[in-house]
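Below you will find the structure I want to go over with you.
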Amino acid sequence: MNILDFARRKRAQEKISMVTCYDYSSACVLEQTDVDTLLVGDSLAMVMHGFDSTVHATIDMMAMHTAAVRRGAPGKFIVGDIPFLSARRGTTQAMDDVAALMRAGANAVKIEGEAGQLDLMAHIVESGVPVMGHLGLTPQSVEAFGGHKVQGRSEGQAAAIIESAKRLEQAGCFALVLECVPEVLATSITEQIGIPTIGIGAGPNTDGQVLVLHDMLGMNPAFKPKFLRHYANTREVITGAVNRFHDDVTSGAFPSREESYA
Ligand code: KIV
């Protein structure tokens, strides 16, 4: 997968798959899968570090995780998230952060929002770095939204998101994540812009879908928002395996003679 494939896949109406990946071991596994794209999302602040929102992701964290994912998945197209406020501290700071992610091994960066940063996004594209946009429920703005709420429900809000999507295409974004917006709005944006849309909680008509790996693998079965499908129950698998190990250790069944050096 490369940047040209995104446009080609939209033209050919072939859906694009993307999952988050934050670490070397998972990247080694995902390298062996058919998934098209890996996203080193700033959701790693929550999933890997236990914070309560993505605002805690820093550029150092993003670069470290991006480098680990690149080492594990040398053949995958990797998108790295520009973290909270990085795009709002002036061009030099933003470009330093873009450079950090690209040097860590990203093929592209993702930037949340549009208002007030269109020129910066165009500048990054003109500088030779592919930019993925992100509209709808942009989690870095969760405080401004008053919580994790579906965006674009009112006519005015929907129209504003459509206009933002068109401006992001104009600025040179190669793809656009649409998060937690009504299906009808995601469909309309997908029809109105020439770059692929990748949905999460945006219905079936976007040009691709993205999920957080740990969510789709059921690491926390209690986390089941409407848009999420659990493809595995990893928590059960891991707790079962670790409890069997514990039982074998405490009963003396592990290690066996065969598992010991003579
Ligand atoms: O950080 C992330 O995981 C994301 C996806 C939810 C799109 O931005």
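The values are calculated or read from the model by the stated rules, or taken from the named source; none is laboratory data. Keep in mind that what you see is a predicted model, and the values were worked out from it rather than measured. Glycine gets a Cβ as well: all are built from the backbone with ideal geometry, and neighbour counts include every protein chain shown.
Exactly one condition in (1) part of a loop (DSSP other than H, G, I, E, B); (2) of a type outside the set (D, E); (3) modelled with pLDDT of 95 or more; (4) closer than 27 Å to S26 by Cα is false for A222; which is it?
Tallying (1) part of a loop (DSSP other than H, G, I, E, B); (2) of a type outside the set (D, E); (3) modelled with pLDDT of 95 or more; (4) closer than 27 Å to S26 by Cα, A222 fails exactly one: (3).
Moving on to the next point. Output the residues belonging to segment 38-58 that are on the phi < 0 side of the Ramachandran plot and without any contact (Cβ under 8 Å) to a residue 60 or more places away in the chain.
L38, L44, A45, M46, M48, H49, F51, D52, H56, A57, T58 - these are the residues of segment 38-58 that are on the phi < 0 side of the Ramachandran plot and without any contact (Cβ under 8 Å) to a residue 60 or more places away in the chain.
For I161, are the conditions met, namely being within 16 Å of the ligand (Cβ to nearest atom) and touching a residue at least 24 places away in the same chain (Cβ under 8 Å)?
Here the answer is yes, as I161 does meet what is asked.
Now a separate question. Going through segment 143-177 one residue at a time, which ones are charged (D, E, K, R) and either under 19 Å from M132 (Cα atoms) or buried (at least 16 other Cβ atoms within 10 Å of the Cβ) (or both)?
If the condition is that a residue be charged (D, E, K, R) and either under 19 Å from M132 (Cα atoms) or buried (at least 16 other Cβ atoms within 10 Å of the Cβ) (or both), then E163, K166, R167, E169 are the ones that fit.
Of the residues in segment 66-84, how many are in contact (Cβ under 8 Å) with a residue 40 or more places away in the chain and away from the ligand (no atom under 14 Å from the Cβ)?
So the count comes out to 9.
Of the residues A63, A7, which single one is in the same structural domain as A104 (by TED's automatic domain parsing), in contact (Cβ under 8 Å) with a residue 40 or more places away in the chain, away from the ligand (no atom under 13 Å from the Cβ) and surrounded by 21 or more Cβ atoms within 10 Å (Cβ to Cβ)?
Every option except A63 fails the conditions.
What tally of residues in segment 229-252 results from selecting those that are out of contact with any Gly (no Cβ under 8 Å at 6 or more places or on another chain) and under 19 Å from T20 (Cα atoms)?
The qualifying residues number 1.
Taking A12 as meeting all but one of (1) over 22 Å from P139 (Cα atoms); (2) of a type in the set (A, V, I, L, M); (3) out of contact with any Leu (no Cβ under 7 Å at 6 or more places or on another chain); (4) buried (at least 18 other Cβ atoms within 10 Å of the Cβ), write down the number of the exception.
All conditions are met except number (4).
Can you name every residue in segment 82-99 that is crowded, with 21+ Cβ neighbours inside 10 Å and among the hydrophobic types (A, V, I, L, M, F, W, C)?
The answer is I82, A87, A94, V98.
Kindly indicate whether any position in segment 178-190 is surrounded by 17 or more Cβ atoms within 10 Å (Cβ to Cβ), in a strand (DSSP E or B) and at pLDDT 95 or above.
Yes, some residue in segment 178-190 is surrounded by 17 or more Cβ atoms within 10 Å (Cβ to Cβ), in a strand (DSSP E or B) and at pLDDT 95 or above.
Results for (1) β-branched (V, I, T); (2) more than 14 Å from the ligand (Cβ to nearest atom); (3) at pLDDT 95 or above, shown as yes or no for each residue.
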{"site": "V212", "(1), (2), (3)": "yes, no, yes"}
{"site": "V237", "(1), (2), (3)": "yes, yes, yes"}
{"site": "G240", "(1), (2), (3)": "no, yes, yes"}
{"site": "T250", "(1), (2), (3)": "yes, yes, yes"}
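Tally the residues that are more than 15 Å from the ligand (Cβ to nearest atom) and crowded, with 19+ Cβ neighbours inside 10 Å, restricting the search to segment 32-46.
Going through segment 32-46 one residue at a time, the tally reaches 0.
Only one of (1) under 17 Å from D81 (Cβ atoms); (2) touching a residue at least 24 places away in the same chain (Cβ under 8 Å); (3) more than 11 Å from the ligand (Cβ to nearest atom) fails for S17. Which number is that?
The number of the failed condition is (1).
From the list V69, V29, which residue is under 18 Å from V212 (Cβ atoms), among the aliphatic types (A, V, I, L, M), modelled with pLDDT of 95 or more and surrounded by fewer than 19 Cβ atoms within 10 Å (Cβ to Cβ)?
V29
Now a separate question. Residues in segment 143-161 that are closer than 18 Å to G116 by Cβ and either in contact with a Lys or Arg (Cβ under 7 Å, 6 or more places away or on another chain) or outside any loop (DSSP other than H, G, I, E, B) (or both): how many?
Count: 6.
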